[in-house]
Protein chains: 2
Amino acid sequence: MKWAIKGNIVYAKNSSELTIVENGLIVCDDDKIIGVFEKLPEKFGGIKITDYGDKLIMPGFSDLHVHAPQYKFRGSGMDLELLDWLEKFTFPEEAKFKDLNYAKKVYSKFVDDLRKSSTTRASIFATIHIETTVELMDLLEESGLVTYVGKVNMNRNCPDILTERDAETSIKNTVEWLERIDGQYKNTNPIITPRFVPSCDGKLLNMLGDISTSYNLPNQSHLSENPNEIAFVREYEPKSKFYGDAYYMHNLFGGKNRTIMAHCVYSSDDEIELMKNQGVYVAHCPASNTNLSSGIAPVRRYLDRGLNIGLGSDIAGGHSLSIFRAMADAIQVSKLRWRLQDDSLKPLKVSEAFYMATKGGGPFFGKVGSFEENYEMDAIVVDDTVLNNLDTYSIENRLERVIYLDNEINLVSKYVKGKKTF
Amino acid sequence: MKWAIKGNIVYAKNSSELTIVENGLIVCDDDKIIGVFEKLPEKFGGIKITDYGDKLIMPGFSDLHVHAPQYKFRGSGMDLELLDWLEKFTFPEEAKFKDLNYAKKVYSKFVDDLRKSSTTRASIFATIHIETTVELMDLLEESGLVTYVGKVNMNRNCPDILTERDAETSIKNTVEWLERIDGQYKNTNPIITPRFVPSCDGKLLNMLGDISTSYNLPNQSHLSENPNEIAFVREYEPKSKFYGDAYYMHNLFGGKNRTIMAHCVYSSDDEIELMKNQGVYVAHCPASNTNLSSGIAPVRRYLDRGLNIGLGSDIAGGHSLSIFRAMADAIQVSKLRWRLQDDSLKPLKVSEAFYMATKGGGPFFGKVGSFEENYEMDAIVVDDTVLNNLDTYSIENRLERVIYLDNEINLVSKYVKGKKTF
């Protein structure tokens, strides 16, 4: 069935410019977009139109990297670097997710806040625990969001309270989890999730690569986030030519097995080249890379080389679920990188940050992140009245202000895969 | 009259640690603090106590640098550097403040939002216009906040729409403004405000220094914010040994004439030494320095050398009025500076950012920014219930989460100079 929504439409067909249609219409056929129009074409006469007046309508955002079990302590322990922070805050907290009641409490809050946010698609880390990972997936399925969820694998350098001990156990758990959820969900999908190389030995990575291939599942992990972490990988995986190669050797680095790699702050030319060739998605997480003193990823380089790149909130390295905030953060840190580190990489523009949040990261989930023909209909409707009470601003200026002042605006509606979720 | 408020009290006597009294009392005599107590001493039996239960009580924040007329376009034009941004956004907007009706509209919104914020004291830039600067001061006086407000001086390198043309006119306007407000306010004070050296010639600076001295008024300006700006000053004021010296030569750099200098991103050792000797207050504005690609101020160095230093929102180089946000921003950029620029300056801790927002900047306004004896009673009461619904957190952890997640909390009360403003 055909239907439409009307308002001030903003989307990005590419990273260099916004496409803006003031007071325009997005016409859909069930869950697919037919097109954006200034006026309703005659052939669509009589279809149901929801008119959002002067509000802004934009594609829903994709959050390519977020840890659901870390939601409870976001904004805590921010005085630490990655490896210390994992040991003192993250691992003890994730260990608690063997308890279903505890997980229900935290995951319900996480899913509820994600549901109310500007995010329509997300790729999520759970923990090593099967039962509570299934609980998270059940909650997400109810939310109407479309997500990937990974039961985490980890078998080395982990505390006793949070380890699967050996590769065989880890794989057995993973298969058990996959069997348990098989056919259970419409919008909630499994994704193979080795925590990162320091937490997974070569044997485990190899077996996970096999599962990714044989089950035809995508995979996600962390890459080149922090200098200490990279040194660690060099020591533990001497056969790998660079960090990303340690995943690639085991079929966990794109190609047929679609992959998201979070961070990529320190990727070498070889690593970048391999990401490009393998179609790996970079999840840029500027708040997290700042909070954990990791550094600033060379996003301009990734955009210029045509890598797949989207944004991640990276709760709880990042402290906010808001992808609007991630856009502002991405622009901000790109300026500091330009000023302090490498002035050959120009700061990011609004259109580029917006692109990453939409059409950059969206395609990991299918035809997602744009209002072009045949894209899946994900949209958010933004009421920014409170920012407009002193003047009239252009739509482009309104978008910029919404990105920077997102805590002052209201999300009034959200559509995921053609379905209005609020 | 003696009175008290009760709750979880957090303040900083110095930058290295927080002082926390759970379920404690702040006892006051009119507008002055007598002390913080775990239990009410007998001698205060029978005084009125307002009990805020489990809420957090902390000193109100000082915003050392904010441009009221730029409030309307905050979050706009963030793709530009300082000098371009001034020309394209700031100067055309400030020129509109010759119109009283326009100014009333923008200033009312600014003052209302500032009143509702965590800020109790602020040092504010208006524009060159007398009438609307007085309007801003009238509105601030009604708000209950304690502020300094500066009619701006500028007579070179300004657009025709926003210039006082020559030093004499600028001074005549300034004296007229001072006479007009003389004796009008209890909490709203004038401050001499040369925009910055590129906008004020030596003659004007000299005459402003004389006014600062003869009227016994403090002064405020911008310093060493951006490399292009600094090169400009070097060219236009060749007699000055460094940027700050161009103010110092004209008695606009501390000593008897109390001074706030915003930014200080690139201050040389000589400049730092002079700031230290003259007791100049540094207004650190991390969001602005990021948004305008200026760089990152070496705050750790300023703290170590014992400079006076506080935080500034710097609307609209900064996009948020929240000093909680400025604290998080200050910590964040200090980490990136440590990682990218100079690892001899360790990242800032929560206690240090909190100190800058309170006892660091507060003393510009008197005995302000702490709950120690004889301090003026400025306090905010924070309801962070929404952040505590999944667990019990320590008071220190709660403060950190409030700083990072300030858009999720509620300010339930504010006291300025002993008076409850809401």
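Taking R0 as 30 Å, what FRET efficiency do you get between A:T50 and B:N407 from their Cβ-Cβ distance, rounded to the nearest 0.05?
Working: r = 29 Å, r/R0 = 0.96.
Plugging the Cβ-Cβ distance into 1/(1 + (r/R0)^6) gives 0.55.
Averaged over its residues, how many other protein chain Cβ atoms are within 10 Å of peptide A:70-76's Cβ atoms? If you can, show how the numbers build up before the last one.
Details: counts 0, 1, 5, 5, 5, 13, 8.
Mean shielding count: 5.
A:K88 label point (Cα plus 7 Å toward Cβ) to equivalent points in the other copies: 4.2 nm, shortest first. Residue by residue along B:336-348, Cβ atoms of other protein chains within 10 Å of the local Cβ number 4 on average.
Given a Förster distance of 45 Å, report the FRET efficiency between A:D29 and A:E273 from their Cβ-Cβ distance, rounded to the nearest 0.05.
On the way: r = 40 Å, r/R0 = 0.89.
About 0.65, to the nearest 0.05.
Shown for region A:299-321: residues covered by the partner protein chains by 40 Å² or more of accessible area relative to the chain by itself (probe radius 1.4 Å), namely A:H319. The Stokes-Einstein estimate for the protein assembly as shown, based on a Kirkwood radius over Cα pairs and taken at 37 °C with 0.692 mPa s viscosity, is a diffusion coefficient of 117 µm²/s. The same position A:T50 in the other copies lies at 4.3 nm from this copy, comparing label points 7 Å beyond Cα toward the beta-carbon, shortest first.
Accessible area per residue (1.4 Å probe, heavy atoms of protein chains only) ranks A:M1, A:M275 as A:M1, A:M275, with the largest value leading.
Can you tell me how region B:181-261 classifies by the Cα gyration tensor, rounded, prolate or oblate, using a/c under 1.5 as the rounded cut? Write out the running numbers ahead of the final one.
Numbers: a/c = 2.43, a/b = 1.99, b/c = 1.22.
Verdict is prolate for region B:181-261.
The dipole here belongs to the protein assembly as shown: it is taken about the Cα centre, uses +1 on the Cβ of Lys and Arg and -1 on the Cβ of Asp and Glu, and is about 640 debye. In the complete set of protein chains, residue-level accessible area for B:E235 is approximately 130 Å², probe 1.4 angstrom. Taken over region A:1-82, the percentage of Cα pairs per 5 Å bin, counting from 0 up to the bin with the maximum distance, is 3, 12, 18, 17, 12, 7, 9, 9, 6, 5, 2, 1, 0.
Quick one, what does Rg over Rh come out to for chain B if you take C-alpha atoms and the Kirkwood Rh? Please list the in-between numbers first.
Details: Rg = 20.9 Å, Rh = 21.6 Å.
Value, to two decimals: 0.97.
Accessible area of B:Y215 (1.4 Å probe, protein heavy atoms only, ligands and nucleic acids ignored): about 100 Å².
On a per residue basis, the protein assembly as shown carries 35 Å² of accessible surface, using protein heavy atoms and a 1.4 Å probe.
What number, rounded to the nearest 500 deg cm²/dmol, is the helix-based mean residue ellipticity at 222 nm of chain B, given -39500 (n - 2.57) per DSSP H run of at least four residues and division by all its residues? Show your work: numbers first, answer last.
Numbers: 14 runs with 140 residues, N = 422.
Estimated from H runs of four or more residues: -9500 deg cm²/dmol.
Over region B:261-318, what is the relative contact order in whole percent, taking alpha-carbon pairs under 8 Å and six or more residues apart? Numbers along the way, then the final one.
Working: 85 pairs, mean separation 24.4, N = 58.
Relative contact order comes out at 42 percent.
Of interest is the spacing of the C-alpha centroids, which for region A:118-175 and region A:390-415 amounts to 35 Å.
Under a Cβ-only charge scheme (Lys and Arg +1, Asp and Glu -1), can you give me the dipole magnitude of region A:15-131 about the Cα centre, in debye to the nearest 20?
On the way: 16 positive and 20 negative charges, 96 e Å.
Value, rounded to 20: 460 debye.
For the options A:I128, A:I315, A:I49, a Gaussian network treatment of chain A with springs between C-alpha atoms closer than 10 Å singles out A:I49 as fluctuating the most. Averaging the sequence gap over all C-alpha pairs within less than 8 Å and six or more residues apart, then dividing by the number of residues, gives region B:1-128 a relative contact order of 26 percent. Counting Cβ atoms of other protein chains within 10 Å of each residue's Cβ and taking the mean over peptide B:395-404 gives 3.
Only lysine pairs 8 or more places apart or on separate chains count here, and in region A:299-422 those with Cα atoms under 20 Å apart total 11.
For region B:267-422, what D do you get in µm² per second when you plug the Kirkwood radius from alpha-carbon pairs into Stokes-Einstein at 25 °C and 0.890 mPa s? Working shown, then result.
Values: Rh = 16.7 Å.
Once the numbers are plugged in, D ends up at 147 µm²/s.
Counting only heavy atoms of the protein chains and using a 1.4 Å probe, A:I395 has close to 10 Å² of accessible surface. With its label point defined 7 Å out from Cα along the Cα-to-Cβ axis, B:V412 lies at 3.3 nm from the matching points of the other copies, in increasing order.
Sort B:317-324, B:23-30 by the packing proxy (mean of other Cβ within 10 Å over each peptide's residues), most packed first. All intermediate terms of the calculation are to be shown ahead of the outcome.
Values: B:317-324: 26.6, B:23-30: 20.0.
Peptide ranking by packing, descending: B:317-324, B:23-30.
What shape does region A:54-175 take by its C-alpha gyration tensor, where a ≥ b ≥ c are the square roots of the eigenvalues and a/c under 1.5 counts as rounded, a/b above b/c as prolate, and the rest as oblate?
Working: a/c = 2.06, a/b = 1.52, b/c = 1.36.
Note, shape of region A:54-175 comes out prolate.
Sequence-distant contacts, meaning Cα pairs under 8 Å at least 6 residues apart, place the relative contact order of chain B at 20 percent.
With +1 on the Cβ of every Lys and Arg and -1 on the Cβ of every Asp and Glu, and nothing else charged, how large is the dipole of region B:61-365 about its Cα centre, in debye rounded to the nearest 20?
Values: 35 positive and 39 negative charges, 179 e Å.
For region B:61-365, the charge dipole is close to 860 debye.
The Cα atoms of region B:104-163 give a gyration tensor whose axes a ≥ b ≥ c have a/c of 1.5 or more with a/b greater than b/c, which makes the shape prolate. Between the beta carbons of A:D343 and A:N374, assuming R0 = 41 Å, the FRET efficiency works out to 0.55 to the nearest 0.05.
The values are calculated or read from the model by the stated rules, or taken from the named source; none is laboratory data. In this text the structure is predicted, and so the values were computed from the model without any measurement. Quick reminder, even Gly has a Cβ in these numbers, built from the backbone with ideal geometry, and neighbours come from all protein chains shown. These accessible areas exclude ligands, DNA and RNA; they are computed on the full protein's heavy atoms, side chains included. Shrake-Rupley method; radii C 1.70, N 1.55, O 1.52, S 1.80 Å.
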